[in-house]
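Peer 1: Take a look at this one; I'll ask things after.
The values are calculated or read from the model by the stated rules, or taken from the named source; none is laboratory data. Bear in mind the structure is a predicted one, so any value in this text is a computation, not a measurement. Positions of Cβ are backbone-derived with ideal geometry, glycine not excepted, and every protein chain shown enters the neighbour counts.
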Amino acid sequence: MTQSEKIIEEVDSSMAMEGMPLTGEDRRRIRRCLENPSKLKETLRGLIQKHTQTEDGYVQRL
């Protein structure tokens with residue numbers, strides 16, 4: 001098992017204890033950031049945009 005896979009399994013275990021196991025998309029996202037750290041800011045920016053709501057309740061998509 002690679003170091004990335006060990007980290008993903010540890011994160012998944014922690015999240016599962018809270019009732020929020022990782023999805024396949026979550027695993028791919030974490031793997032991509034671990035294997036290519038330059039993608040971290042891009043990934044975070046995308047997640048923030050995806051989950052940001054405006055005051056009128058509409059999701060902001062840029």
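Peer 1: Mind listing just one residue for me: the one in segment 1-34 that is assigned to a helix (DSSP H, G or I) and either exposed (fewer than 11 other Cβ atoms within 10 Å of the Cβ) or of a type in the set (Phe, Trp, Tyr) (or both) and, of those, nearest to the chain's Cα centre (by Cα)? It would help to see each step written out before you state the result.
Peer 2: We begin by selecting, within segment 1-34, every residue assigned to a helix (DSSP H, G or I); these are 3-17, 24-34.
In the following step, the residues that additionally are either exposed (fewer than 11 other Cβ atoms within 10 Å of the Cβ) or of a type in the set (Phe, Trp, Tyr) (or both) were identified as 3, 6, 10, 17, 24-25.
Working: 3: 17, 6: 16, 10: 14, 17: 17, 24: 10, 25: 8 Å.
By that ranking, first place goes to 25.
Peer 1: Out of all the residues in segment 33-41, is one or more in contact with a Leu (Cβ under 9 Å, 6 or more places away or on another chain), of a type in the set (A, V, I, L, M, F, W, C) and at pLDDT 95 or above?
Peer 2: no
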